[in-house]
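Peer 1: Can you keep this structure in mind? I'll have questions shortly.
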Amino acid sequence: MSDLSIQPLAAAYLIYGEEDLLRLEAIDKIREAAREQHYNDREVIVIETGFDWTSLLASVQSVGLFADKKLLEIHIPSGKPSKEGATVLHQLAEQLPESTCLLLVLPKLERQQTQSKWFASWVKVAQVLDAKAVSQTALPQWIKKRLAEQKLAIENDALALFAEKVEGNLLAARQEIDKLALIHPAGHVVTLTEAQAAVANVARFDVFQLSTAWMSGNSMRLLRLLDGLAAEGNEPVLLLWVISEDIRTLLRLLAALKQGKSINELRQSLRLWGDRQTQAPQAARRIGVKRLLSALQTCARIDRQIKGVEDGNAWTEIKHLFLSLAA
């Protein structure tokens, strides 16, 4: 939040990006500052498909009827205003209302969106925060800084363990840091043993992280995720669904590329968002049609094992399938 000026509140804020924790923290800071600075009227507008943009203009204009200052939050979960919406957002940026703090909240945006006219107009007049994800290499320093804010230090081995266990989940990391701050006094140095006790069950072994791990060929991370999912008692049927959908996506991708289509054209239909735009084509070309079709046959066999109509250990087969595709 050091990037954003909140004393006094600016006339407009633009917060976007993929890291939920950083977006939430920024919003909370602005709301807190608004309360302290007597913005006694607060309105939250969530914009979804079919939204009546004239109602947003009405909300902006209504502030003149009251004496109180107003915090008006505009949340666009899709990050994609309609053509009419883009015009209204541009108009708001060109004519910021008096006695109102506008807060525009968006998810991670594609390059095309950040180059739009309405976005550029907001960048000119608003305090901007791009809540970028914290990479695995930058995560230890992020954790160390957060601990320092709580007046805690940490041993290097403990820090390495902490970063590995939270698996890039900043929400989980913050919870554990807050917990350590409650347990230990200011000036305490967190040891490896203490870190092991505190973060033993923090790692978010999310099924949907498997796609990123195997497509990028990160076998070590893939193994950690699979072992973590198994230890948590997850059923193999969900993992089978994930890998089957991924394989079908890659097959459709290869077929479309062969027809001369570009990744940009396929992004929406194949849900190639974020890192998948580069990971999926690389994985598809590396594996090839023949191996992908063979992998689908393996999925069918695992499905029969799960249903008990064919002998074999479904967990062992799934693990082998993921690792073979990552290789």
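Taken together, the values in this text are just the output of simple stated rules run on the coordinates, not laboratory data. Everything numeric in this text was worked out from a predicted model, so none of it was measured. Because the Cβ atoms are built from the backbone with ideal geometry, glycine has one as well, and the counts that use them run over all protein chains shown.
Peer 1: Answer rounded, prolate or oblate for the range 139-199, using the Cα gyration tensor with square roots of eigenvalues a ≥ b ≥ c: rounded when a/c is under 1.5, else prolate when a/b is larger than b/c, else oblate.
Peer 2: rounded
Peer 1: Could you tell me what fraction of 2.2 N^0.38 Å the Cα radius of gyration of the range 12-130 comes to, as a two-decimal ratio?
Peer 2: This ratio for the range 12-130 stands at 1.00.
Peer 1: Would you mind telling me which residue in 70, 258, 165 has the biggest mean-square fluctuation in a Gaussian network model of the chain, where springs connect alpha carbons within a distance under 10 angstrom?
Peer 2: 258
Peer 1: Moving to a separate point now. Per DSSP helix of 4 or more residues, -39500 (n - 2.57); summed, then divided by the residues of the chain. What does that give at 222 nm, rounded to the nearest 500?
Peer 2: For the chain, the value works out to -18000 deg cm²/dmol.
Peer 1: With a 10 Å Cβ neighbour count serving as the proxy for reagent exposure, in which order, fewest first, do 240, 171 appear?
Peer 2: So the residues, fewest neighbours to most, are 171, 240.
Peer 1: Dipole magnitude of the range 209-326 about its Cα centre, charges +1 at Lys/Arg Cβ and -1 at Asp/Glu Cβ only, in debye to the nearest 20?
Peer 2: Dipole of the range 209-326, to the nearest 20 debye: 620 debye.
Peer 1: First check a/c for the range 209-326, with a ≥ b ≥ c the square roots of the eigenvalues of its C-alpha gyration tensor; if it is under 1.5, answer rounded, and if not, answer prolate when a/b is larger than b/c or oblate otherwise.
Peer 2: prolate
Peer 1: For the range 22-31, in order, what is each residue's ³J(HN,Hα) by Karplus, 6.51 cos²θ - 1.76 cosθ + 1.60 with θ = phi - 60°, in whole Hz (x at glycine and Pro)?
Peer 2: Each residue's phi maps through the Karplus curve to give 5, 5, 4, 5, 5, 4, 4, 5, 5, 4 Hz.
Peer 1: Going by how many other beta carbons lie within 10 Å of each one, how would you line up 13, 39, fewest first?
Peer 2: Taking fewest neighbouring Cβ atoms as first place, the list is 39, 13.
Peer 1: Further, regarding this structure: At a Förster distance of 35 Å, what's the computed FRET efficiency of residue 297 paired with residue 264, Cβ-Cβ distance as r, to 0.05?
Peer 2: That gives a FRET efficiency of 0.65.
Peer 1: Out of residues 5 or more away from residue 126 or on other chains, whose amide H comes under 5 Å of its own, with H placed 1.01 Å from N in the peptide plane?
Peer 2: The answer is none.
Peer 1: What is the order of 116, 269, fewest Cβ neighbours within 10 Å to most?
Peer 2: Fewest-to-most Cβ neighbours within 10 Å comes out as 269, 116.
Peer 1: Rounded, prolate or oblate: pick one for the chain, where a ≥ b ≥ c are the square roots of the eigenvalues of its C-alpha gyration tensor, a/c under 1.5 means rounded, and failing that, prolate if a/b is larger than b/c, else oblate.
Peer 2: Since a/c reaches 1.5 but b/c is at least a/b, the shape of the chain is classed as oblate.
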